[in-house]
């Protein structure tokens, strides 16, 4: 992290180091004596939740800024989807068949990373949840192209670690789902949804709702695997019921291949635009 300090006052790291050398007395051992910003017990109190939320928003933002990341391409998709060479380990026949989207995610990320590198900037940087399956494929494709990629991990009850292809300096860990979701979308130039489960559905509908309601600019919103998504979500039934507008179905596109997705992103005509109203439902 950059050190742009210009203050004439003593800095916090110096005082943390100094406090380690104070005489050992009942007073200095008391929790109340600890420096507040160096006291984990204090920082984890319920009353400090607003501070922790701010820290989780601020730390990745600062590090991404310092790294020069200008825009991202977000990949959401199932952690359980195996690579083709491991499809024999899939627990269901459907999961085994979906392994082809591992390769599409990998190739798409490779192509988008090359596109970003062609700009001479950290543009179109692949951003995933940092886990296995589709996420691993995305980070792997970026690595194979010689670029960087982001992993936004989150602490789960079962032990896990980021996949090995995430750029170490851009590997983040979150406690708050809400802040993690903000970082997924704050720099997004495109959102790509691969087959997945509850987490993928959650991320898909939340980001799609932000675009639908005009809270977020229209970006390419691509669903890989039309047959999968039409089985999982009855889009036409939502339209026919009037719970969404017919125009809402134009907010996303189905794609099958990495090249299809790259072409749509390259030819995107709504860059920088957002809805100023939710279309009326047809009578």
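No value in this document is a laboratory result; all are computed from the given coordinates. Just so you know, these numbers come straight off a predicted model, no measurement behind them. Methodologically, a virtual Cβ is constructed for each residue, glycine included, from the backbone with ideal geometry; neighbour enumeration extends over all protein chains shown.
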Kindly state, to the nearest 0.05, the FRET efficiency for residue 198 paired with residue 11, given R0 = 45 Å and r defined as their beta-carbon distance.
0.50
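Relative contact order for segment 216-271: what percent, with Cα pairs under 8 Å and sequence separation of 6 or more?
It rounds to 57 percent for segment 216-271.
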Structure-derived P(r) over Cα pairs in 10 Å bins from 0, in percent: which label, when the choices are (1) 6, 20, 23, 21, 14, 9, 4, 2, 1, 0, 0; (2) 6, 25, 30, 20, 11, 6, 2, 0; (3) 7, 32, 38, 19, 4, 1
(2)
Angle between the chain longest axis and helix 198-212 axis [Cα atoms, degrees, rounded to 10]:
80 degrees
Label residue 119 and residue 49 with points 7 Å out from Cα along Cα→Cβ: what is the distance between them in nm?
3.7 nm
Could the peptides 26-34, 188-196 be put in order, highest first, of the mean number of other beta-carbon atoms found within 10 Å of their residues?
188-196, 26-34
Fewest-first sequence of 37, 224 by Cβ atoms within 10 Å of each Cβ
37, 224
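Find the relative contact order for segment 168-282 and round it to a whole percent, using C-alpha pairs within less than 8 Å whose residues are 6+ positions apart. Don't skip to the answer; put the middle values down first.
Values: 115 pairs, mean separation 36.3, N = 115.
Result for segment 168-282 is 32 percent.
Taking neighbour Cβ counts within 10 Å as the exposure measure, how do 53, 64 sort from fewest upward? Don't skip to the end; give the middle numbers.
Values: 53 14, 64 22.
Final ranking by Cβ density, sparse to dense: 53, 64.
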At R0 = 30 Å the Cβ-Cβ FRET efficiency linking residue 235 and residue 90, nearest 0.05, sits at 0.65
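For residue 61 and residue 27, FRET efficiency with R0 = 41 Å and r from the beta-carbon atoms, rounded to 0.05?
Here the calculated transfer efficiency is 0.60.
Quote the relative contact order of the chain in percent (integer), defining contacts as alpha-carbon pairs under 8 Å separated by 6+ residues.
Contact order relative to length: 17 percent.
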Expected output is a single nm value to one decimal: the length gained when fully extending between residue 213 and residue 257, i.e. 0.36 nm times separation in residues minus the C-alpha distance. What is it?
13.0 nm
One finds the C-alpha centres of segment 97-165 and segment 24-70 to be spaced, in Å, by 30 Å
